Amino acid sequence: MATTAKTKATKAAVRKGRTTPGSVGTDAIALLEADHREVDAYFDAFEHATTDAEKKSLADKICLALKVHTQIEEELFYPAVRESTGDGDLIDEAIVEHTGAKTLIAQIEAMRPGQPLYDAKVKVLGEQVRHHVDEEESDLFPEARQTQIDLEALGDKLAARKAELMAPLASELAS
């Protein structure tokens with residue numbers, strides 16, 4: 001495999017202690033798509049879960065992942081895309097979809113497996129998220145790629161903010 005200039009720069013930065021492997025040049029859209037795949041896998045696993053403990057663990061992972069993902073999109077990604085594209089319609093629709101997801105997340109977090117509608121709420125959340133992901137990946141992301149946004153710099157910001165948000169939320173989840 002050929003070594004590219006970017007690969008050499010990444011390895012040099014890692015050697016010098018300025019970064020960790022994989023943290024240089026994180027494409028914003030690639031990061032968000034990876035989040036989409038991760039939460040989709042959690043929803044798939046939830047559909048096959050048989051015990052309340054499995055369902056609770058997976059629902060907690062789904063809610064945590066979605067809370068962090070929506071926050072980094074709303075704080076960093078959407079404003080950059082709105083500014084560079086001038087197209088607020090897709091962003092506005094995405095924010096409304098986030099609001100609906102946040103409502104279901106709060107309801108799920110206030111419940112426990114076995115309660116009426118628990119499984120249904122997680123399933124509906126999954127359906128809504130999959131719809132949202134489809135729209136982002138087929139409409140918003142391609143539009144963002146056509147702009148002058150520095151997706152690597154934005155991706156680095158998203159990754160840093162995600163790590164910052166995950167720490168307290170993950171510890172909250174463990175307690």
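Looking only at residues that are closer than 18 Å to Ala101 by Cα and in contact with a Leu (Cβ under 8 Å, 6 or more places away or on another chain) in segment 44-60, which one is surrounded by the fewest Cβ atoms within 10 Å (Cβ to Cβ)?
The selected residue is Asp60.
How do the pairs read when you match residues in segment 115-127 that are closer than 11 Å to Phe46 by Cβ with residues anywhere that are in a helix (DSSP H, G or I) and among the basic types (Lys, Arg), using Cβ under 9 Å and keeping only pairs 6 or more apart or on different chains?
Tyr118/Lys55; Asp119/Lys55; Val122/Lys55
Could you check, for segment 161-169, whether at least one of its residues is aliphatic (A, V, I, L, M), free of Cβ contacts under 8 Å to residues at least 24 places away in the same chain and surrounded by 15 or more Cβ atoms within 10 Å (Cβ to Cβ)?
At the first step, the residues of segment 161-169 found to be aliphatic (A, V, I, L, M) are 163, 165-167, 169.
When the remaining residues are screened for being free of Cβ contacts under 8 Å to residues at least 24 places away in the same chain, the result is 163, 167.
Restricting the remaining residues to those that are surrounded by 15 or more Cβ atoms within 10 Å (Cβ to Cβ) gives none.
Scanning segment 161-169, I find no residue that is aliphatic (A, V, I, L, M), free of Cβ contacts under 8 Å to residues at least 24 places away in the same chain and surrounded by 15 or more Cβ atoms within 10 Å (Cβ to Cβ), so the answer is no.
Select from segment 105-120 the residues that are surrounded by fewer than 13 Cβ atoms within 10 Å (Cβ to Cβ) and within 22 Å of Thr70 (Cα to Cα) and list them in ascending order.
Initially, segment 105-120 is screened for residues surrounded by fewer than 13 Cβ atoms within 10 Å (Cβ to Cβ), giving 106, 110, 112, 114-117, 120.
Listed by number, the residues that qualify are Ala106, Ala110, Ala120.
Mind listing just one residue for me: the one in segment 71-118 that is assigned to a helix (DSSP H, G or I) and touching a Phe, Trp or Tyr at 6+ places or on another chain (Cβ under 8 Å) and, of those, nearest to Glu152 (Cα to Cα)?
Ile91
For segment 62-79, how many residues meet the condition of being among the hydrophobic types (A, V, I, L, M, F, W, C) and within 8 Å of the chain's Cα centre (by Cα)?
Going residue by residue through segment 62-79, those that are among the hydrophobic types (A, V, I, L, M, F, W, C) are 62-66, 68, 72, 76-77.
Next cut, within 8 Å of the chain's Cα centre (by Cα) only: 65-66, 68, 72.
Total satisfying the criteria: 4.
Of these, Asp119, Asp35, Asp87, which one is at pLDDT 95 or above, in contact with a helix residue (DSSP H, G or I) (Cβ under 8 Å, 6 or more places away or on another chain), of a type outside the set (Val, Ile, Thr) and farther than 20 Å from Pro168 by Cα?
Values: Asp35 fails: farther than 20 Å from Pro168 by Cα; Asp87 fails: at pLDDT 95 or above.
Residue meeting the stated conditions: Asp119.
The values are calculated or read from the model by the stated rules, or taken from the named source; none is laboratory data. Note that this is a predicted model, so its numbers are computed, not measured. Methodologically, a virtual Cβ is constructed for each residue, glycine included, from the backbone with ideal geometry; neighbour enumeration extends over all protein chains shown.
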